[in-house]
Amino acid sequence: MGGAQSTERQQPGPQQRHSRSVGYPPVDELRAMRSREEHGDLNEKDYVYVEGQTKNNRHTSDVSVKVTEQWVKELLEDPKNRLAVSAFTNNAIDAVIQLPATVLKDTQTFNLKIPFEGSPVTNQRSSGRCWIFAATNVFRVAIMKKYNLEGFELSQAYLFFWDKVEKANFFLENILETADQALDSRLIGALMSSPVGDGGQWDMIANLVSKYGLVPQTLYPDSFHAQNSSGMDRLVTTKLREDALRLRSMCESSKDKSSIAAAKDDMMREVVRILTLTLGPPPSATGKFTWEFYDKDKKFKTFTMSPIDFASSLSDAHAKRSCGGTDVHRMFSLVNDPRNDYMSQLTVDRLGNVSNGRPITYVNVDMGTMKQAVVEMLKKGFPVFFGSDVGKYSDGQKGIMDKDLVDYGLGFNVTLGMSKAQRLMTGESAMTHAMVLTAVHLDDDQKPVRWRVENSWSASRGTEGYFVASDKWMDEFCYQAVVDPCVVSAEVRDVLKQKPKVLNLWDPMGALA
(Lines give C-alpha, C1' and ligand atoms only; values in the text may rest on other atoms or scores of the structure.)
Protein backbone atom coordinates (compact mmCIF):
# COMPACT_ATOMS: atom_id res chain seq x y z
CA MET A 1 0.00 0.00 0.00
CA GLY A 2 1.21 3.44 -0.95
CA GLY A 3 1.14 5.20 2.39
CA ALA A 4 3.37 2.70 4.13
CA GLN A 5 4.24 3.54 7.69
CA SER A 6 7.83 4.28 8.56
CA THR A 7 9.61 4.94 11.80
CA GLU A 8 11.91 7.84 12.50
CA ARG A 9 15.53 6.84 12.35
CA GLN A 10 17.49 8.47 15.16
CA GLN A 11 21.08 9.54 14.80
CA PRO A 12 23.35 7.43 17.02
CA GLY A 13 24.27 9.05 20.30
CA PRO A 14 27.79 9.16 21.72
CA GLN A 15 27.38 5.89 23.59
CA GLN A 16 26.21 4.18 20.41
CA ARG A 17 29.20 5.37 18.41
CA HIS A 18 32.03 4.40 20.78
CA SER A 19 32.42 1.04 22.51
CA ARG A 20 34.60 2.59 25.25
CA SER A 21 32.09 5.29 26.28
CA VAL A 22 31.40 5.96 29.95
CA GLY A 23 29.13 3.33 31.48
CA TYR A 24 30.19 0.53 29.13
CA PRO A 25 32.75 -2.11 30.20
CA PRO A 26 35.85 -2.44 27.97
CA VAL A 27 35.74 -5.16 25.32
CA ASP A 28 38.53 -7.20 27.00
CA GLU A 29 36.61 -7.22 30.28
CA LEU A 30 33.44 -8.39 28.53
CA ARG A 31 35.36 -11.23 26.90
CA ALA A 32 36.85 -12.27 30.25
CA MET A 33 33.39 -12.26 31.86
CA ARG A 34 32.02 -14.37 29.01
CA SER A 35 34.84 -16.89 29.48
CA ARG A 36 34.22 -17.13 33.25
CA GLU A 37 30.49 -17.51 32.57
CA GLU A 38 31.13 -20.42 30.19
CA HIS A 39 33.20 -22.16 32.89
CA GLY A 40 30.71 -21.42 35.65
CA ASP A 41 33.09 -19.11 37.54
CA LEU A 42 30.90 -16.00 37.70
CA ASN A 43 29.35 -14.90 40.96
CA GLU A 44 26.89 -12.17 41.85
CA LYS A 45 29.49 -9.43 42.27
CA ASP A 46 30.51 -9.83 38.62
CA TYR A 47 27.12 -8.44 37.53
CA VAL A 48 25.90 -4.87 37.56
CA TYR A 49 22.15 -4.62 38.07
CA VAL A 50 20.41 -1.65 36.46
CA GLU A 51 16.76 -0.94 37.06
CA GLY A 52 15.07 0.51 33.98
CA GLN A 53 12.63 3.31 34.69
CA THR A 54 10.05 4.69 32.26
CA LYS A 55 8.42 8.13 32.11
CA ASN A 56 5.54 7.02 34.30
CA ASN A 57 8.00 5.73 36.95
CA ARG A 58 7.14 2.11 36.22
CA HIS A 59 10.12 -0.20 36.77
CA THR A 60 10.85 -2.55 33.89
CA SER A 61 11.28 -6.28 34.33
CA ASP A 62 12.70 -9.04 32.18
CA VAL A 63 11.17 -12.37 31.22
CA SER A 64 11.43 -14.98 33.95
CA VAL A 65 12.37 -18.36 32.55
CA LYS A 66 11.11 -20.11 35.67
CA VAL A 67 7.70 -18.43 35.62
CA THR A 68 7.28 -18.95 31.88
CA GLU A 69 8.06 -22.65 32.17
CA GLN A 70 5.52 -22.91 34.98
CA TRP A 71 2.86 -21.31 32.75
CA VAL A 72 3.58 -23.86 30.00
CA LYS A 73 3.37 -26.70 32.53
CA GLU A 74 0.03 -25.49 33.87
CA LEU A 75 -1.31 -25.04 30.33
CA LEU A 76 -0.52 -28.63 29.36
CA GLU A 77 -2.24 -30.06 32.44
CA ASP A 78 -5.56 -29.40 30.65
CA PRO A 79 -6.37 -32.13 28.04
CA LYS A 80 -8.11 -29.53 25.90
CA ASN A 81 -4.89 -27.60 25.57
CA ARG A 82 -2.91 -30.72 24.71
CA LEU A 83 -5.42 -31.37 21.94
CA ALA A 84 -5.05 -27.75 20.81
CA VAL A 85 -1.26 -28.14 20.59
CA SER A 86 -1.72 -31.14 18.34
CA ALA A 87 -4.22 -29.28 16.14
CA PHE A 88 -2.43 -25.94 15.86
CA THR A 89 1.06 -27.30 15.31
CA ASN A 90 -0.16 -29.30 12.31
CA ASN A 91 -2.75 -26.99 10.74
CA ALA A 92 -3.39 -23.34 9.96
CA ILE A 93 -4.92 -21.48 12.90
CA ASP A 94 -8.06 -20.35 11.09
CA ALA A 95 -8.67 -23.82 9.67
CA VAL A 96 -8.82 -25.27 13.18
CA ILE A 97 -11.18 -22.72 14.72
CA GLN A 98 -13.36 -21.92 11.70
CA LEU A 99 -17.05 -22.25 12.56
CA PRO A 100 -18.99 -24.42 10.05
CA ALA A 101 -22.30 -22.78 10.98
CA THR A 102 -20.99 -19.43 9.76
CA VAL A 103 -19.91 -20.90 6.42
CA LEU A 104 -23.35 -22.46 5.98
CA LYS A 105 -25.26 -19.23 6.59
CA ASP A 106 -23.13 -17.11 4.23
CA THR A 107 -24.82 -18.27 1.05
CA GLN A 108 -24.80 -16.77 -2.42
CA THR A 109 -28.50 -15.81 -2.25
CA PHE A 110 -29.59 -12.16 -2.41
CA ASN A 111 -32.90 -10.37 -2.83
CA LEU A 112 -31.33 -7.27 -4.41
CA LYS A 113 -28.89 -7.92 -7.22
CA ILE A 114 -27.83 -5.89 -10.22
CA PRO A 115 -29.21 -7.49 -13.41
CA PHE A 116 -25.88 -7.49 -15.23
CA GLU A 117 -22.58 -8.19 -13.44
CA GLY A 118 -20.20 -8.46 -16.36
CA SER A 119 -17.96 -11.36 -17.28
CA PRO A 120 -15.56 -13.09 -17.25
CA VAL A 121 -14.28 -13.21 -13.67
CA THR A 122 -10.90 -11.46 -13.71
CA ASN A 123 -7.54 -12.49 -12.29
CA GLN A 124 -4.89 -10.01 -11.15
CA ARG A 125 -2.49 -12.89 -10.52
CA SER A 126 0.75 -12.05 -8.65
CA SER A 127 0.35 -8.30 -8.75
CA GLY A 128 -1.15 -5.59 -6.57
CA ARG A 129 -3.47 -4.23 -9.27
CA CYS A 130 -6.76 -4.94 -7.48
CA TRP A 131 -7.83 -1.27 -7.66
CA ILE A 132 -7.38 -1.28 -11.44
CA PHE A 133 -9.29 -4.55 -11.77
CA ALA A 134 -12.09 -3.34 -9.49
CA ALA A 135 -12.43 -0.08 -11.39
CA THR A 136 -12.38 -1.67 -14.84
CA ASN A 137 -14.91 -4.28 -13.64
CA VAL A 138 -17.18 -1.34 -12.81
CA PHE A 139 -16.49 0.46 -16.10
CA ARG A 140 -17.06 -2.57 -18.28
CA VAL A 141 -20.69 -2.99 -17.25
CA ALA A 142 -21.64 0.21 -19.10
CA ILE A 143 -19.45 -0.76 -22.08
CA MET A 144 -20.88 -4.28 -22.33
CA LYS A 145 -24.43 -2.93 -22.30
CA LYS A 146 -23.62 -0.26 -24.88
CA TYR A 147 -21.96 -2.66 -27.33
CA ASN A 148 -24.16 -5.71 -26.57
CA LEU A 149 -21.26 -7.87 -25.39
CA GLU A 150 -21.42 -11.27 -23.74
CA GLY A 151 -17.94 -11.13 -22.27
CA PHE A 152 -15.42 -8.28 -22.11
CA GLU A 153 -12.37 -7.00 -20.26
CA LEU A 154 -10.73 -3.62 -20.42
CA SER A 155 -6.93 -3.61 -20.55
CA GLN A 156 -5.72 -3.44 -16.97
CA ALA A 157 -2.12 -3.49 -18.24
CA TYR A 158 -2.69 -0.26 -20.22
CA LEU A 159 -3.63 1.65 -17.06
CA PHE A 160 -0.87 -0.17 -15.15
CA PHE A 161 1.79 1.05 -17.60
CA TRP A 162 0.74 4.68 -17.42
CA ASP A 163 0.27 4.53 -13.66
CA LYS A 164 3.89 3.44 -13.25
CA VAL A 165 5.06 6.28 -15.49
CA GLU A 166 2.99 8.83 -13.62
CA LYS A 167 3.98 7.53 -10.19
CA ALA A 168 7.67 7.76 -11.11
CA ASN A 169 7.22 11.39 -12.15
CA PHE A 170 5.06 12.10 -9.06
CA PHE A 171 7.79 10.65 -6.84
CA LEU A 172 10.61 12.68 -8.42
CA GLU A 173 8.53 15.86 -8.19
CA ASN A 174 7.95 15.18 -4.49
CA ILE A 175 11.67 14.60 -3.99
CA LEU A 176 12.43 18.00 -5.54
CA GLU A 177 9.78 19.72 -3.42
CA THR A 178 11.12 18.18 -0.20
CA ALA A 179 14.83 18.52 -0.96
CA ASP A 180 15.30 20.75 2.11
CA GLN A 181 14.09 18.05 4.50
CA ALA A 182 16.42 15.61 6.23
CA LEU A 183 16.92 12.31 4.44
CA ASP A 184 16.01 10.44 7.62
CA SER A 185 12.80 12.41 8.24
CA ARG A 186 9.59 10.47 8.43
CA LEU A 187 8.17 12.10 5.30
CA ILE A 188 11.19 11.27 3.12
CA GLY A 189 11.16 7.74 4.54
CA ALA A 190 7.50 7.36 3.57
CA LEU A 191 8.15 8.69 0.06
CA MET A 192 11.11 6.36 -0.41
CA SER A 193 9.28 3.29 0.91
CA SER A 194 7.28 2.53 -2.25
CA PRO A 195 7.75 5.02 -5.09
CA VAL A 196 5.91 2.94 -7.71
CA GLY A 197 3.92 0.42 -5.70
CA ASP A 198 1.15 -1.48 -7.50
CA GLY A 199 -1.64 -0.15 -5.25
CA GLY A 200 -3.89 2.79 -5.92
CA GLN A 201 -7.08 4.68 -5.20
CA TRP A 202 -10.25 5.66 -7.05
CA ASP A 203 -9.08 9.24 -7.69
CA MET A 204 -5.87 7.87 -9.15
CA ILE A 205 -7.89 5.75 -11.61
CA ALA A 206 -9.91 8.86 -12.47
CA ASN A 207 -6.66 10.69 -13.24
CA LEU A 208 -5.41 7.92 -15.53
CA VAL A 209 -8.68 7.52 -17.43
CA SER A 210 -9.00 11.28 -17.86
CA LYS A 211 -5.48 11.60 -19.30
CA TYR A 212 -4.98 8.29 -21.13
CA GLY A 213 -8.45 6.86 -21.69
CA LEU A 214 -9.24 3.15 -21.93
CA VAL A 215 -8.60 0.34 -24.42
CA PRO A 216 -9.97 -3.21 -24.74
CA GLN A 217 -7.77 -5.92 -23.27
CA THR A 218 -7.46 -7.62 -26.65
CA LEU A 219 -5.39 -4.65 -27.85
CA TYR A 220 -2.97 -4.67 -24.90
CA PRO A 221 -3.09 -7.95 -22.94
CA ASP A 222 -1.07 -8.72 -19.82
CA SER A 223 2.64 -9.38 -20.16
CA PHE A 224 4.51 -11.65 -17.77
CA HIS A 225 5.54 -8.66 -15.67
CA ALA A 226 2.01 -7.28 -15.51
CA GLN A 227 0.98 -10.57 -13.94
CA ASN A 228 4.17 -10.93 -11.87
CA SER A 229 5.14 -7.37 -11.04
CA SER A 230 7.59 -7.73 -8.15
CA GLY A 231 10.78 -8.05 -10.21
CA MET A 232 9.96 -5.04 -12.38
CA ASP A 233 8.89 -3.03 -9.32
CA ARG A 234 12.15 -3.75 -7.50
CA LEU A 235 14.22 -2.58 -10.46
CA VAL A 236 12.27 0.65 -10.94
CA THR A 237 12.23 1.33 -7.19
CA THR A 238 15.99 0.91 -6.89
CA LYS A 239 16.52 3.20 -9.86
CA LEU A 240 14.22 5.88 -8.47
CA ARG A 241 15.80 5.82 -5.01
CA GLU A 242 19.20 6.30 -6.62
CA ASP A 243 17.77 9.12 -8.74
CA ALA A 244 16.26 10.71 -5.64
CA LEU A 245 19.66 10.94 -3.96
CA ARG A 246 21.12 12.48 -7.09
CA LEU A 247 18.36 15.08 -7.36
CA ARG A 248 18.70 15.99 -3.68
CA SER A 249 22.45 16.45 -4.16
CA MET A 250 21.89 18.62 -7.22
CA CYS A 251 19.41 20.79 -5.33
CA GLU A 252 21.95 21.29 -2.58
CA SER A 253 24.90 22.15 -4.85
CA SER A 254 23.27 23.87 -7.83
CA LYS A 255 20.75 26.63 -8.36
CA ASP A 256 20.48 25.89 -12.08
CA LYS A 257 16.88 24.73 -12.39
CA SER A 258 17.28 23.86 -16.08
CA SER A 259 20.04 21.34 -15.37
CA ILE A 260 17.96 19.74 -12.63
CA ALA A 261 14.95 19.54 -14.97
CA ALA A 262 17.13 17.98 -17.69
CA ALA A 263 18.47 15.41 -15.23
CA LYS A 264 14.93 14.52 -14.18
CA ASP A 265 13.90 14.08 -17.82
CA ASP A 266 16.78 11.64 -18.31
CA MET A 267 15.65 9.72 -15.24
CA MET A 268 12.09 9.50 -16.55
CA ARG A 269 13.38 8.32 -19.93
CA GLU A 270 15.16 5.44 -18.18
CA VAL A 271 12.02 4.50 -16.22
CA VAL A 272 9.95 4.47 -19.41
CA ARG A 273 12.62 2.27 -21.01
CA ILE A 274 12.34 -0.30 -18.20
CA LEU A 275 8.54 -0.29 -18.31
CA THR A 276 8.39 -0.60 -22.10
CA LEU A 277 10.81 -3.53 -22.11
CA THR A 278 8.93 -5.38 -19.35
CA LEU A 279 5.28 -4.52 -20.02
CA GLY A 280 5.55 -3.98 -23.77
CA PRO A 281 4.86 -0.77 -25.72
CA PRO A 282 1.26 0.36 -25.03
CA PRO A 283 -1.22 1.61 -27.63
CA SER A 284 -0.92 5.31 -28.36
CA ALA A 285 -2.82 7.42 -25.85
CA THR A 286 -3.32 10.15 -28.46
CA GLY A 287 -3.82 8.06 -31.61
CA LYS A 288 -6.71 5.85 -32.67
CA PHE A 289 -7.19 2.09 -32.40
CA THR A 290 -9.42 -0.27 -34.35
CA TRP A 291 -11.49 -2.66 -32.26
CA GLU A 292 -13.05 -5.69 -33.93
CA PHE A 293 -15.36 -8.12 -32.14
CA TYR A 294 -18.51 -10.25 -32.27
CA ASP A 295 -21.39 -9.05 -30.14
CA LYS A 296 -23.80 -11.20 -28.12
CA ASP A 297 -25.85 -11.88 -31.27
CA LYS A 298 -22.73 -13.12 -33.12
CA LYS A 299 -22.67 -10.04 -35.31
CA PHE A 300 -19.27 -8.73 -36.41
CA LYS A 301 -18.56 -5.15 -35.33
CA THR A 302 -15.65 -2.80 -35.88
CA PHE A 303 -14.98 0.61 -34.37
CA THR A 304 -12.11 3.06 -34.74
CA MET A 305 -11.58 5.58 -31.96
CA SER A 306 -9.01 6.99 -29.54
CA PRO A 307 -8.60 5.74 -25.96
CA ILE A 308 -9.97 9.08 -24.74
CA ASP A 309 -13.06 8.75 -26.95
CA PHE A 310 -13.59 5.19 -25.73
CA ALA A 311 -13.46 6.33 -22.10
CA SER A 312 -15.74 9.30 -22.82
CA SER A 313 -18.42 6.92 -24.08
CA LEU A 314 -18.95 5.88 -20.45
CA SER A 315 -20.65 9.23 -19.94
CA ASP A 316 -22.80 9.37 -23.06
CA ALA A 317 -26.58 9.20 -22.87
CA HIS A 318 -26.76 5.50 -23.81
CA ALA A 319 -24.23 4.44 -21.14
CA LYS A 320 -25.89 6.48 -18.41
CA ARG A 321 -29.35 5.25 -19.37
CA SER A 322 -28.22 1.61 -19.27
CA CYS A 323 -26.73 2.14 -15.81
CA GLY A 324 -29.64 3.86 -14.12
CA GLY A 325 -28.39 7.37 -14.87
CA THR A 326 -24.97 6.84 -13.28
CA ASP A 327 -22.03 8.67 -14.85
CA VAL A 328 -18.83 6.90 -13.82
CA HIS A 329 -16.80 10.07 -14.32
CA ARG A 330 -18.77 11.84 -11.56
CA MET A 331 -18.44 9.23 -8.83
CA PHE A 332 -16.56 9.95 -5.59
CA SER A 333 -15.37 8.15 -2.45
CA LEU A 334 -17.28 7.80 0.77
CA VAL A 335 -15.09 6.53 3.61
CA ASN A 336 -15.70 5.41 7.16
CA ASP A 337 -12.90 6.55 9.47
CA PRO A 338 -14.20 6.76 13.05
CA ARG A 339 -11.00 8.50 14.20
CA ASN A 340 -12.10 11.65 12.38
CA ASP A 341 -15.29 13.70 12.43
CA TYR A 342 -18.10 12.45 10.22
CA MET A 343 -19.43 14.80 7.52
CA SER A 344 -15.90 16.08 6.92
CA GLN A 345 -13.63 15.91 3.90
CA LEU A 346 -10.27 14.15 4.17
CA THR A 347 -7.24 14.01 1.92
CA VAL A 348 -3.72 12.60 2.23
CA ASP A 349 -0.54 14.64 1.93
CA ARG A 350 1.58 13.84 -1.15
CA LEU A 351 -0.47 10.79 -2.13
CA GLY A 352 -1.36 10.37 -5.77
CA ASN A 353 -0.04 9.53 -9.20
CA VAL A 354 -0.59 12.32 -11.75
CA SER A 355 1.11 15.60 -10.83
CA ASN A 356 -1.45 18.43 -10.78
CA GLY A 357 -4.16 15.80 -11.17
CA ARG A 358 -7.26 15.11 -9.12
CA PRO A 359 -6.31 14.88 -5.43
CA ILE A 360 -7.28 12.03 -3.13
CA THR A 361 -10.72 13.04 -1.85
CA TYR A 362 -12.68 11.25 0.86
CA VAL A 363 -16.05 12.23 2.35
CA ASN A 364 -16.07 10.72 5.84
CA VAL A 365 -19.48 9.35 6.87
CA ASP A 366 -20.89 6.82 9.30
CA MET A 367 -21.37 3.25 8.07
CA GLY A 368 -25.15 3.61 7.90
CA THR A 369 -24.84 6.43 5.40
CA MET A 370 -22.26 4.56 3.36
CA LYS A 371 -24.24 1.31 3.19
CA GLN A 372 -27.47 3.08 2.27
CA ALA A 373 -25.67 4.81 -0.61
CA VAL A 374 -24.37 1.43 -1.81
CA VAL A 375 -27.86 -0.08 -1.64
CA GLU A 376 -29.17 2.81 -3.75
CA MET A 377 -26.41 2.20 -6.33
CA LEU A 378 -27.37 -1.47 -6.54
CA LYS A 379 -31.02 -0.53 -6.97
CA LYS A 380 -29.92 1.53 -9.98
CA GLY A 381 -28.32 -1.63 -11.38
CA PHE A 382 -24.74 -0.41 -11.04
CA PRO A 383 -21.83 -2.21 -9.31
CA VAL A 384 -19.87 -0.47 -6.55
CA PHE A 385 -16.09 -0.20 -6.12
CA PHE A 386 -15.17 -0.60 -2.44
CA GLY A 387 -12.01 -0.78 -0.34
CA SER A 388 -11.56 -3.07 2.66
CA ASP A 389 -9.15 -5.07 4.80
CA VAL A 390 -9.69 -8.37 3.01
CA GLY A 391 -7.41 -10.47 5.20
CA LYS A 392 -9.36 -10.13 8.43
CA TYR A 393 -11.76 -12.93 9.44
CA SER A 394 -11.85 -14.29 5.92
CA ASP A 395 -11.34 -17.52 4.01
CA GLY A 396 -9.93 -16.65 0.61
CA GLN A 397 -10.55 -20.10 -0.83
CA LYS A 398 -14.17 -20.45 0.27
CA GLY A 399 -14.83 -16.79 -0.39
CA ILE A 400 -16.27 -16.02 3.07
CA MET A 401 -15.69 -12.78 4.99
CA ASP A 402 -17.46 -12.83 8.33
CA LYS A 403 -16.60 -11.50 11.80
CA ASP A 404 -17.97 -14.78 13.22
CA LEU A 405 -15.96 -17.01 10.88
CA VAL A 406 -13.26 -17.95 13.40
CA ASP A 407 -13.40 -18.16 17.20
CA TYR A 408 -10.05 -17.15 18.67
CA GLY A 409 -11.51 -17.31 22.17
CA LEU A 410 -12.35 -20.98 21.67
CA GLY A 411 -8.90 -21.85 20.39
CA PHE A 412 -6.68 -19.69 22.59
CA ASN A 413 -8.87 -18.38 25.41
CA VAL A 414 -8.03 -14.80 24.43
CA THR A 415 -10.30 -11.84 23.76
CA LEU A 416 -9.76 -9.56 20.77
CA GLY A 417 -11.87 -6.48 21.32
CA MET A 418 -10.39 -3.46 19.54
CA SER A 419 -12.79 -1.06 17.91
CA LYS A 420 -12.50 -0.03 14.25
CA ALA A 421 -10.89 3.25 15.31
CA GLN A 422 -8.42 1.46 17.58
CA ARG A 423 -7.41 -0.92 14.80
CA LEU A 424 -6.64 2.07 12.58
CA MET A 425 -4.74 3.87 15.33
CA THR A 426 -2.51 0.88 16.07
CA GLY A 427 -1.87 -0.18 12.49
CA GLU A 428 -3.87 -3.38 13.00
CA SER A 429 -6.06 -2.64 10.00
CA ALA A 430 -6.06 -0.58 6.82
CA MET A 431 -7.54 -0.52 3.33
CA THR A 432 -5.64 -3.40 1.71
CA HIS A 433 -7.82 -4.55 -1.19
CA ALA A 434 -10.38 -3.19 -3.66
CA MET A 435 -13.28 -5.29 -4.94
CA VAL A 436 -16.80 -4.77 -6.33
CA LEU A 437 -20.23 -5.11 -4.69
CA THR A 438 -22.95 -6.48 -6.98
CA ALA A 439 -25.75 -7.61 -4.63
CA VAL A 440 -27.09 -7.41 -1.08
CA HIS A 441 -29.60 -9.41 0.95
CA LEU A 442 -31.96 -7.19 2.93
CA ASP A 443 -34.07 -8.25 5.90
CA ASP A 444 -37.74 -7.34 6.45
CA ASP A 445 -36.67 -3.92 7.78
CA GLN A 446 -34.55 -3.32 4.64
CA LYS A 447 -31.33 -3.67 6.63
CA PRO A 448 -28.36 -5.43 4.99
CA VAL A 449 -27.61 -9.00 6.08
CA ARG A 450 -24.90 -10.06 3.60
CA TRP A 451 -23.23 -8.72 0.46
CA ARG A 452 -22.11 -10.29 -2.82
CA VAL A 453 -18.53 -9.42 -3.73
CA GLU A 454 -16.88 -9.69 -7.14
CA ASN A 455 -13.17 -10.34 -6.58
CA SER A 456 -10.23 -10.42 -9.00
CA TRP A 457 -8.58 -13.61 -7.78
CA SER A 458 -9.85 -15.88 -10.60
CA ALA A 459 -12.92 -18.10 -10.85
CA SER A 460 -11.23 -20.77 -8.74
CA ARG A 461 -11.66 -18.71 -5.54
CA GLY A 462 -14.94 -18.38 -3.69
CA THR A 463 -18.05 -19.29 -5.69
CA GLU A 464 -16.82 -18.99 -9.28
CA GLY A 465 -14.89 -15.89 -8.28
CA TYR A 466 -17.55 -14.31 -6.05
CA PHE A 467 -17.29 -13.87 -2.27
CA VAL A 468 -19.84 -13.26 0.49
CA ALA A 469 -19.33 -10.60 3.18
CA SER A 470 -21.53 -10.49 6.25
CA ASP A 471 -22.90 -7.08 7.17
CA LYS A 472 -21.06 -7.25 10.50
CA TRP A 473 -17.81 -7.77 8.60
CA MET A 474 -18.58 -4.77 6.38
CA ASP A 475 -19.12 -2.61 9.47
CA GLU A 476 -15.71 -3.51 10.85
CA PHE A 477 -13.48 -3.89 7.78
CA CYS A 478 -15.02 -1.89 4.93
CA TYR A 479 -13.48 1.58 4.67
CA GLN A 480 -14.58 2.97 1.31
CA ALA A 481 -17.36 2.90 -1.28
CA VAL A 482 -17.38 4.85 -4.55
CA VAL A 483 -20.83 6.17 -5.44
CA ASP A 484 -22.72 8.56 -7.69
CA PRO A 485 -23.54 11.94 -6.06
CA CYS A 486 -27.24 11.33 -6.76
CA VAL A 487 -27.49 8.52 -4.18
CA VAL A 488 -26.47 10.67 -1.21
CA SER A 489 -28.12 13.67 0.43
CA ALA A 490 -27.31 17.27 -0.43
CA GLU A 491 -25.68 17.53 2.99
CA VAL A 492 -23.20 14.79 2.07
CA ARG A 493 -22.54 16.32 -1.35
CA ASP A 494 -21.86 19.69 0.28
CA VAL A 495 -18.95 18.15 2.20
CA LEU A 496 -17.07 18.18 -1.12
CA LYS A 497 -17.10 21.99 -0.86
CA GLN A 498 -15.27 21.94 2.47
CA LYS A 499 -11.56 22.51 2.93
CA PRO A 500 -10.22 18.99 3.55
CA LYS A 501 -8.34 17.84 6.61
CA VAL A 502 -4.91 16.73 5.43
CA LEU A 503 -3.73 13.38 6.80
CA ASN A 504 -0.07 12.39 6.87
CA LEU A 505 1.26 10.23 4.07
CA TRP A 506 1.81 7.38 6.53
CA ASP A 507 -1.75 7.55 7.89
CA PRO A 508 -3.74 4.29 7.47
CA MET A 509 -6.14 6.11 5.16
CA GLY A 510 -3.14 6.65 2.91
CA ALA A 511 -2.90 2.91 2.36
CA LEU A 512 -3.53 1.94 -1.25
CA ALA A 513 -5.69 -0.97 -2.32
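Taking the longest Cα principal axis of the chain as reference, the axis of helix 230-253 is set at about 70 degrees.
Binning the alpha carbon pair distances of region 192-315 at 10 angstrom intervals from zero yields the distribution 11, 29, 32, 19, 7, 2, 0, expressed in whole percent. Scanning residues 5 or more positions from H433 or on other chains, those with amide H under 5 Å from its amide H are S388, V390, with H placed 1.01 Å from N in the peptide plane.
Per the 1.4 Å probe, what fraction of the accessible area of the chain, in percent, lies on carbon and sulfur atoms?
Numbers: 13230 of 25680 Å².
C and S fraction of accessible area: 52 percent.
Where does the chain land on Rg/Rh, using Cα atoms and the Kirkwood Rh? Numbers along the way, then the final one.
Numbers: Rg = 27.3 Å, Rh = 26.2 Å.
Over the Cα atoms of the chain, Rg/Rh equals 1.04.
Distances between placed amide hydrogens fall under 5 Å for L154 paired with Q217, all partners being 5 or more residues away or on another chain.
Scan the chain and report its longest stretch carrying no chymotrypsin sites (Phe, Trp or Tyr not before Pro) that are both in a DSSP loop and have at most 10 other Cβ atoms within 10 Å.
Numbers: sites that count: Y47, Y49.
Free of exposed loop sites, the longest segment is 50-513.
Across region 396-428, the residues whose backbone nitrogen lies under 15 Å from the label position 7 Å along the beta-carbon direction of K80 are 407-415. From the largest down, region 51-191 spans 73, 58, 27 angstrom on the principal axes of its Cα atoms. Each of Q422, Q345, T278 was placed along the dipole of the chain (beta-carbon charges, centred on the mean Cα), and the one lying farthest toward the positive end is T278. For R269 and K299, the difference between the fully extended length at 0.36 nm per residue and the C-alpha to C-alpha distance is 6.5 nm. Across the options N413, H433, S333, the greatest Cα extent toward the positive end of the charge dipole of the chain (unit charges at beta carbon of Lys, Arg, Asp, Glu) belongs to S333.
Once you list every other residue whose beta carbon is under 11 Å from the beta carbon of P216, what net charge do they have if Lys and Arg are +1 and Asp and Glu are -1? Please list the in-between numbers first.
Values: positive: R140; negative: E153, E292.
Local net charge: -1.
Taking the dipole about the Cα centre of the chain, with the C-beta of Lys and Arg at +1 and of Asp and Glu at -1, give me whichever of P508, A244, V390 is farthest to the positive side. Going by the Cα projections, it comes out as A244.
Once every Cα of region 386-507 carries one equal point scatterer and solvent is ignored, give the base-10 log of I(q)/I(0) from the Debye formula at q = 0.14 Å⁻¹, two decimals. Here log10 of I(q) over I(0) equals -0.76. The length gained by stretching the chain between T463 and A87 to full extension, at 0.36 nm per residue less their Cα-Cα distance, is 132.6 nm.
Of the Cα atoms belonging to region 146-201, the radius of gyration and Dmax stand at 17.0, 56 Å.
Working note: Cα atoms of region 340-413, range along each principal axis, descending, whole Å: 51, 34, 28.
When +1 charges are put on Lys and Arg Cβ atoms and -1 charges on Asp and Glu Cβ atoms, the dipole computed for the chain relative to its Cα centre reaches about 1220 debye. Between region 124-200 and region 248-281, the C-alpha centres lie 20 angstrom from each other. Once the convex hull of all Cα atoms in region 194-252 is built, its volume per residue stands at 127 Å³.
Note on region 287-316 and region 400-428: Cα centroid distance 47 Å, given to the nearest whole angstrom. Given points 7 Å out from each Cα along the Cα-Cβ axis, report the V96 to S315 separation in nanometres with one decimal. Taking the two extended label points, one gets 5.6 nm. Listed by chain and number, the lysines whose C-alpha is less than 20 Å from the C-alpha of K472, apart from same-chain residues fewer than 8 away, are K105, K113, K371, K392, K398, K403, K420, K447.
With the convex hull drawn around the C-alpha atoms of region 232-376, the volume per residue stands at 216 Å³.
Give me the accessible area per residue for region 266-369, probe 1.4 Å, as a whole number in Å².
47 Å²
What net charge is computed for the residues neighbouring T438, neighbours being all others with C-beta under 13 Å from the C-beta of T438, Lys and Arg scored +1, Asp and Glu -1? Cβ neighbours under 13 Å give a net charge of +3.
Per residue, the average separation of C-alpha pairs within less than 8 Å and at least 6 apart gives the chain a relative contact order of 23 percent.
Descending by average beta-carbon neighbour count within 10 Å, the peptides 75-84, 231-240 line up as 231-240, 75-84, the highest first.
The values are calculated or read from the model by the stated rules, or taken from the named source; none is laboratory data. Computed from a predicted structure; not experimentally measured. Reconstructed Cβ throughout: ideal geometry from the backbone, glycine too, with neighbour counts over all protein chains shown. We work out accessible area using only protein heavy atoms, side chains counted, and drop any ligands, DNA or RNA first. Shrake-Rupley method; radii C 1.70, N 1.55, O 1.52, S 1.80 Å.
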